[in-house]
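Have a look at the structure below before the remarks.
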Amino acid sequence: MMQRNKTLIFSGGGTGGHIYPAISVADCLKKTDSHLNIIFVGTKEGLEAKIVPEAGYSIEFIEVKGLKRQLKVENITVATKFLKGFWQARKILKRYNPACVFVTGGYVSLPVAFAAKSFGIKIILHEQNAFPGLANRIISRFCDKVLISFEESKKYFKRSKDVILTGNPIRLEILNYNQSQAKREIGADSKTTVLIVGGSRGAENLNRAAIRLAKSFEGNKDVHFILSTGEKKFDDAKSYAEQLNAVANISLYPYIKEMPKYLAAADVVISRGGAIAISEITALGKPSIIVPSPYVVNNHQEYNARALEKEGACFVVLESELEGDKLRILLEKLIYDKQLYTSMQKKSKNLGRPDATEKIARLLREYIK
């Protein structure tokens, strides 16, 4: 058994959904203990290679590839890479002697968790989605704690000895604004504000549906739309808005840097169904219309959205339904039916877990002690 110290290893990657929750927890831990050493382990190909250093943390790289779900010849390469990643992870763990390893998913987590198990290092797993990914389902069988974000995902972790519902870690600055202050700062004082976000990369079909939606509300001067198009989709969205002459009541941005402020200002949020987006929406108690991306592994965004819908905290519109009137009809309901709006606001707030980041940080601190 190695002598442990005040170092934590965080591992998770591939997509922002695995990385941002880990960074939120790391930031929370560093606020109370600036001497704590937090090292991320990821791959050079994943988004973590860019996001983690930008957040101010060190990252070590291993080589690993994702498992193909069908029986394919490429899985031989995957197995070889896994073994290489496992030995690389062991070297990293031996060098840092961490108090524990915190994994948030993605295939990079797998060799890191196996390496930690081989040293007898405690492993804490966090699952962001209602339907867990393959790597997390495997790790859950031998880790020490499984932290979940949706009650629905508990059934997938029946073999785990310690499952705790914590919610998803969110950026703490999300909670810094009140709505009237935020509305004033974005220049939407007296208007019903509808914020539409298609994820960091944007979503062309949702962008176009949002622009048509704004056009259909043109006669109501009290409703204003704000659309984050995604940087690569901005030119197409701008061109489409000009083509429809739908520019009077919609503001288009390629990327909203001050998202906490805009979320606070919003009366209604129309969003993809990523776990972090949903967690931030419910932490603020926002009524929402969720349009799950059909292009993600295991269709996990629809699982996330349906979990909220079941509790009356959102409406769900599938991508295939964007061409029709469903989006407009549901938004009209939320804007004009005050009783429905208040009910959904309350149900969204009830599902929100604004203390999730602190709760997870507190669990990790126990291992440092």
- Going through region 89-107 one residue at a time, which ones are at pLDDT 95 or above and under 14 Å from G13 (Cα atoms)? F102, V103, T104
- Are there any pairs with C-beta distances below 7 angstrom linking a residue in region 246-265 that is over 11 Å from E173 (Cα atoms) to a residue that is surrounded by fewer than 20 Cβ atoms within 10 Å (Cβ to Cβ) and charged (D, E, K, R), with the two at least 6 apart or on different chains, and if so which? A246/K215; A248/E218; N249/E218; L252/K238; P254/E231; Y255/E231
- Report those helices (runs of 4 or more DSSP H) wholly inside region 223-319 carrying at least 3 residues which are buried (at least 18 other Cβ atoms within 10 Å of the Cβ) and touching a helix residue (DSSP H, G or I) at 6+ places or on another chain (Cβ under 6 Å). 234-243, 259-265, 275-283
- Item | Leading residue by the ranking (nearest to K30 (Cα to Cα)) among those in region 338-368 that are polar (S, T, N, Q) and touching a helix residue (DSSP H, G or I) at 6+ places or on another chain (Cβ under 6 Å) | T357
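Looking at region 39-53 only, could you name the residues that are surrounded by 18 or more Cβ atoms within 10 Å (Cβ to Cβ) and assigned to a helix (DSSP H, G or I)?
From region 39-53, those surrounded by 18 or more Cβ atoms within 10 Å (Cβ to Cβ) are 39-43, 46-48, 51-52; that's our starting set.
E48, I51, V52 - these are the residues of region 39-53 that are surrounded by 18 or more Cβ atoms within 10 Å (Cβ to Cβ) and assigned to a helix (DSSP H, G or I).
For region 121-130, check the following and say yes or no: at least one residue is over 26 Å from I281 (Cα atoms) and touching a Pro at 6+ places or on another chain (Cβ under 7 Å). Spell out the reasoning first.
Step one: filter region 121-130 for residues over 26 Å from I281 (Cα atoms), giving 121-123.
Among the residues that remain, those that are also touching a Pro at 6+ places or on another chain (Cβ under 7 Å) are: 121.
Yes: region 121-130 contains one or more residues that are over 26 Å from I281 (Cα atoms) and touching a Pro at 6+ places or on another chain (Cβ under 7 Å).
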- Task: Name every residue in region 286-340 that is over 24 Å from L134 (Cβ atoms), among the small types (G, A, S) and in contact with a Cys (Cβ under 8 Å, 6 or more places away or on another chain), in order of residue number.
- Result: S288
- Count, please, the residues in region 121-134 that happen to be touching a residue at least 60 places away in the same chain (Cβ under 8 Å), closer than 18 Å to F82 by Cβ and either in contact with a strand residue (DSSP E or B) (Cβ under 9 Å, 6 or more places away or on another chain) or in a strand (DSSP E or B) (or both). 1
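Matching residues to (1) free of Cβ contacts under 8 Å to residues at least 12 places away in the same chain; (2) touching a Phe, Trp or Tyr at 6+ places or on another chain (Cβ under 9 Å); (3) open to solvent by 10 Å² or more (accessible area, probe 1.4 Å):
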{"position": "L8", "(1), (2), (3)": "no, yes, no"}
{"position": "C28", "(1), (2), (3)": "no, no, no"}
{"position": "N37", "(1), (2), (3)": "no, yes, yes"}
{"position": "V101", "(1), (2), (3)": "no, yes, no"}
{"position": "S109", "(1), (2), (3)": "no, no, no"}
{"position": "F119", "(1), (2), (3)": "no, no, yes"}
- Query: Checking A209 against (1) among the aliphatic types (A, V, I, L, M); (2) in a loop (DSSP other than H, G, I, E, B); (3) modelled with pLDDT of 95 or more, which single condition isn't satisfied?
  - Reply: (2)
- Restricting to region 150-188, what's the tally of residues that are assigned to a helix (DSSP H, G or I) and of a type in the set (S, T, N, Q)? 4
- Quick check: is even one residue across region 55-72 open to solvent by 60 Å² or more (accessible area, probe 1.4 Å), in the same structural domain as A26 (by the TED database), at pLDDT 90 or above and in a loop (DSSP other than H, G, I, E, B)? yes
- Query: Across region 342-369, what is the number of residues that are assigned to a helix (DSSP H, G or I) and either open to solvent by less than 40 Å² (accessible area, probe 1.4 Å) or touching a Lys or Arg at 6+ places or on another chain (Cβ under 7 Å) (or both)?
  - Reply: 10
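The values are calculated or read from the model by the stated rules, or taken from the named source; none is laboratory data. In this text the structure is predicted, and so the values were computed from the model without any measurement. Note: ideal-geometry Cβ built from the backbone for every residue, glycine included; neighbour counts use all protein chains shown. Heads up: the accessible areas ignore ligands, DNA and RNA and are worked out on the full protein's heavy atoms, side chains in. Shrake-Rupley method; radii C 1.70, N 1.55, O 1.52, S 1.80 Å.
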